[in-house]
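One structure below.
The values are calculated or read from the model by the stated rules, or taken from the named source; none is laboratory data. Just so it is clear, the structure is predicted and the values come from calculations on it, not from any experiment. All Cβ positions, even for glycine, are placed from backbone atoms using ideal geometry, and neighbour counts span all protein chains on display.
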């Protein structure tokens, strides 16, 4: 038997193979949502490794194991293993999240690539919201409010800017003003819009056509009286809004309802567990809207709420694209797990 060769791609390799191309990510995530709705995937429940109860994730952190198979043009299978340590940026000058993706050959199932998953994970999370905004935001949306000045809201802004061409103004707030200022300084080099710091979450929400929450808060931030008619709320973090924010929404849309129920840390998941949310009130999974089985936004007065937990098949779809580009362009490093296997 010939030696097993596996391609190793670091983050720089991933970047050179399309890892920073937001339009590519958005296009790919739209296809993944379509395949998800068609059932062309395998998605075991996300496994969460943590040191304590669910509340420990906002302080000590967690590691997620996310295996899956996605069909269609991707034909990709493997796993993402990604950590989240909230204190890393402040105590160690390290990213909060760090991940690795392993791709397996769809036929032999041997590992054919190991690559940085940190960038892919951040970009595809933002790209998901780009797809959400395309279908659920008002067509003339002008103001975007961002709560949280971490990595996630950077890619949220990149993606929403791409799919909402009418956007004119961005508001950002964070508990750490210096962090918010760093966000503004960095993003102004990428996004040619007015980006201003506001003093609190209420200012970020009020008057915004679209707003996102991407934080590690332990207590809900968004209050129902702040949310205006016609707005789209993209909920990226865990328990970030009061229950009535969801209750008052005209449409409630998610990425995968079973995964949200299993994960259990998001506001809507907590509501369901507490019997404060009837799943009959769920309007759609996003793939149904992408595939035109259900309408997206139908008028400019609807309050629409979107929540996702993130799906491993999204990472694996992008990893396959990155891998194929790397092979074509001869990037990365090949290494052998064996020259001849000990047992066959």
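Couple of notes before you dig in:
- Hits in segment 153-178 - residues which are touching a helix residue (DSSP H, G or I) at 6+ places or on another chain (Cβ under 8 Å), in a helix (DSSP H, G or I) and surrounded by fewer than 24 Cβ atoms within 10 Å (Cβ to Cβ): 154, 158, 162, 163
- So residue 289, is it buried (at least 18 other Cβ atoms within 10 Å of the Cβ) and outside the structural domain of residue 70 (by TED's automatic domain parsing): yes
- Any hit, segment 43-60, residues being free of Cβ contacts under 8 Å to residues at least 24 places away in the same chain, under 23 Å from residue 119 (Cβ atoms), exposed (fewer than 15 other Cβ atoms within 10 Å of the Cβ) and out of contact with any helix residue (DSSP H, G or I) (no Cβ under 9 Å at 6 or more places or on another chain): yes
- Some residue of segment 74-82 being free of Cβ contacts under 8 Å to residues at least 24 places away in the same chain, closer than 23 Å to residue 130 by Cα, touching a helix residue (DSSP H, G or I) at 6+ places or on another chain (Cβ under 8 Å) and not in a helix (DSSP H, G or I): no
- Checking residue 95 against (1) modelled with pLDDT of 95 or more; (2) closer than 25 Å to residue 16 by Cα; (3) crowded, with 17+ Cβ neighbours inside 10 Å, the condition it does not meet: (1)
- Inspection of segment 283-293 finds a residue satisfying the criterion of being farther than 30 Å from residue 21 by Cβ and touching a residue at least 12 places away in the same chain (Cβ under 8 Å).
- Here residue 40 fulfils each of the conditions (1) in contact with a strand residue (DSSP E or B) (Cβ under 8 Å, 6 or more places away or on another chain); (2) in contact (Cβ under 8 Å) with a residue 40 or more places away in the chain; (3) under 26 Å from residue 259 (Cβ atoms) apart from (2).
- For residue 194, the criteria (1) crowded, with 20+ Cβ neighbours inside 10 Å; (2) modelled with pLDDT of 95 or more hold in every case but one, which is (1).
This table checks each residue for (1) in contact with a strand residue (DSSP E or B) (Cβ under 7 Å, 6 or more places away or on another chain); (2) in the same structural domain as residue 15 (by TED's automatic domain parsing); (3) at negative phi; (4) not in a loop (DSSP other than H, G, I, E, B).
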| site | (1), (2), (3), (4) |
| --- | --- |
| 253 | yes, no, yes, yes |
| 261 | no, no, yes, yes |
| 298 | no, no, yes, no |
| 317 | yes, yes, yes, yes |
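- Yes/no for residue 181 being assigned to a helix (DSSP H, G or I), touching a strand residue (DSSP E or B) at 6+ places or on another chain (Cβ under 7 Å) and surrounded by fewer than 15 Cβ atoms within 10 Å (Cβ to Cβ): yes
- Check on residue 66, in contact (Cβ under 8 Å) with a residue 24 or more places away in the chain and farther than 15 Å from residue 263 by Cβ: no
- Residues that are assigned by TED's automatic domain parsing to the domain that holds residue 291, assigned to a loop (DSSP other than H, G, I, E, B) and buried (at least 22 other Cβ atoms within 10 Å of the Cβ) within segment 108-140 comprise just one, 137.
- Residues of segment 266-282 include at least one that is touching a strand residue (DSSP E or B) at 6+ places or on another chain (Cβ under 7 Å), surrounded by fewer than 19 Cβ atoms within 10 Å (Cβ to Cβ) and either over 25 Å from residue 35 (Cβ atoms) or without any contact (Cβ under 8 Å) to a residue 60 or more places away in the chain (or both).
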